[in-house]
């Protein structure tokens, strides 16, 4: 998820008032063509009614992004007015804010744009957009293949004839394929990090054939070890984190002044990292121990 999403719906905008809902099928990336106007600035510009004569455009997107923030101006499942075509019915619209210090000529010609000076800004808004797309992909079951820019939408006949964002990306040696690759990589990382570890029940870590099972829930692994004398629970790195209740292979240690789980593990087991074994074996829910407390230590 991006670092910061500020939600402030444009309730004066006729698009918000229309209250038409969509089931998001994709994400369309735009850029503002308004040098130096950052994400928070668009609320005062677009939170107005075309019908009431307060603004001369019928337009509204779901969010604006700059190098630091994301400002969400429509609910994600609200039909936006961003594509100028049928993509409004299917796509979430995101506008990337452009840095200042240059101007436009002849439509989408960026005059005076300094690539070197703007590289850091570009990198940050790029990453912000990648993170937001990963968040939205996970929220709505999308993949990087469901992301396109306005100019790609135009070539597909689902958006109006605009050049963004390729007129900007190319100045930094990037294109939408690069963007989609970055989204795919981060989607994979976030998916892997959400997978719970396996707890394996074995006689010893090296006796793989003795394995009774592999469990996502530690409580199930502990139950299995208790039901099978001589078995213990090991984490994915091979550390023994629980000894079955039928296994007498432990000794009793009395906590003395100055002890901690780390010090006891180092002193009695030879490795401070094995403090986790002591904690699990004794059913401790915190690292706090007291003088005189009796602890079971694995042998």
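The values are calculated or read from the model by the stated rules, or taken from the named source; none is laboratory data. As the structure is a prediction and not an experimental result, all values here were calculated from the model. Neighbour counts run over all protein chains shown; Cβ positions are idealised from the backbone, glycine included.
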- Query: Would you say residue 46 is closer than 30 Å to residue 21 by Cβ, in contact with a strand residue (DSSP E or B) (Cβ under 8 Å, 6 or more places away or on another chain) and surrounded by fewer than 17 Cβ atoms within 10 Å (Cβ to Cβ)?
  - Reply: no
- Task: Please find, within segment 221-264, the residue that is nearest to residue 278 (Cα to Cα) out of those that are out of contact with any strand residue (DSSP E or B) (no Cβ under 8 Å at 6 or more places or on another chain) and not in a loop (DSSP other than H, G, I, E, B).
- Result: 261
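Condition test on residue 76, is it within 26 Å of residue 155 (Cβ to Cβ), within 20 Å of the chain's Cα centre (by Cα), assigned by TED's automatic domain parsing to the domain that holds residue 165 and not in a helix (DSSP H, G or I)? Quick ask: steps written out before the conclusion?
Values: within 26 Å of residue 155 (Cβ to Cβ): yes; within 20 Å of the chain's Cα centre (by Cα): yes; assigned by TED's automatic domain parsing to the domain that holds residue 165: yes; not in a helix (DSSP H, G or I): yes.
Taking the combined requirement at face value, the residue satisfies it.
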- Query: If we scan segment 256-264, do we find a residue that is within 25 Å of residue 203 (Cβ to Cβ), in the same structural domain as residue 226 (by TED's automatic domain parsing), surrounded by 12 or more Cβ atoms within 10 Å (Cβ to Cβ) and without any contact (Cβ under 8 Å) to a residue 24 or more places away in the chain?
  - Reply: no
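For (1) at pLDDT below 95; (2) surrounded by 21 or more Cβ atoms within 10 Å (Cβ to Cβ), each residue gets a yes or a no:
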| residue | (1), (2) |
| --- | --- |
| 111 | no, no |
| 122 | no, no |
| 138 | yes, no |
| 165 | no, yes |
| 171 | no, no |
